[in-house]
Amino acid sequence: QVQLVESGGGSVQAGGSLRLSCVASGPTFSVWSMGWFRQAPGKEREFVAAISGGGGSTNYADSVKGRFAIARDNVKNTVYLQMNSLKPEDTAVYYCAADFRPGAVAVSPSEYDRWGQGTQVTVSS
């Protein structure tokens, strides 16, 4: 029944910025931790960032620390990924995911319970 819908992807030049959004269904969004993952062609899905249900804890992949920021608005049932200083290696399909454990900021895809369809981010040189 839970649905996650990503938006905000697109094409951008290296050094540019994008903000991804993920809107979740359901009234219990505030007790879900949320994560962002990405997958490039031929590569494994990799962790990008996560945020706890109340927004008090975050976790970032080393590759995006200082460039990306995760945030959430529990009134809007939305989690965001602000991506700055984008690099070509950030090119991937970006997925949001819900972890039904509110305090978790897990890095493994297997820890997440629901997934969105993904949104393409392309960063050109």
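Got at least one residue in the range 81-88 being open to solvent by 60 Å² or more (accessible area, probe 1.4 Å), of a type in the set (Lys, Arg) and at pLDDT 95 or above? The answer is yes, given that some residue of the range 81-88 is open to solvent by 60 Å² or more (accessible area, probe 1.4 Å), of a type in the set (Lys, Arg) and at pLDDT 95 or above.
Looking at Gln117, Gln39 in this structure, which one is open to solvent by 40 Å² or more (accessible area, probe 1.4 Å) and farther than 19 Å from Gln1 by Cβ? Can you show your working first?
Values: Gln117 fails: farther than 19 Å from Gln1 by Cβ.
The match here is Gln39.
Residues in the range 62-84 include at least one that is without any contact (Cβ under 8 Å) to a residue 12 or more places away in the chain and of a type in the set (Asp, Glu).
For first residues located in the range 3-14 and on the phi < 0 side of the Ramachandran plot and polar (S, T, N, Q), partners that are surrounded by fewer than 14 Cβ atoms within 10 Å (Cβ to Cβ) and part of a strand (DSSP E or B) and lie 6+ apart or on another chain with Cβ distances below 9 Å form the pairs Ser11/Gln120; Ser11/Ser124; Gln13/Ser124.
So is Ser25 surrounded by fewer than 22 Cβ atoms within 10 Å (Cβ to Cβ) and either farther than 15 Å from Gly116 by Cα or at pLDDT below 95 (or both) or not? Considered against the rule, which asks whether it is surrounded by fewer than 22 Cβ atoms within 10 Å (Cβ to Cβ) and either farther than 15 Å from Gly116 by Cα or at pLDDT below 95 (or both), Ser25 comes out as yes. Just so you know, in the range 89-100 the residues that are in contact with a strand residue (DSSP E or B) (Cβ under 6 Å, 6 or more places away or on another chain) and closer than 17 Å to Gly53 by Cβ include one that is surrounded by the most Cβ atoms within 10 Å (Cβ to Cβ), and it is Cys96. Listed by position, the strands (runs of 3 or more DSSP E) contained in the range 1-110 that have at least 2 residues being under 28 Å from Ser125 (Cα atoms) and over 16 Å from the mean Cα position of the chain (by Cα) are 10-13.
The values are calculated or read from the model by the stated rules, or taken from the named source; none is laboratory data. Note that the structure is a prediction, hence the values are computed from the model and not measured. Don't worry about glycine lacking a Cβ; one is built from the backbone with ideal geometry, like all the others, and counts go over all protein chains shown. Heads up: the accessible areas ignore ligands, DNA and RNA and are worked out on the full protein's heavy atoms, side chains in. Shrake-Rupley method; radii C 1.70, N 1.55, O 1.52, S 1.80 Å.
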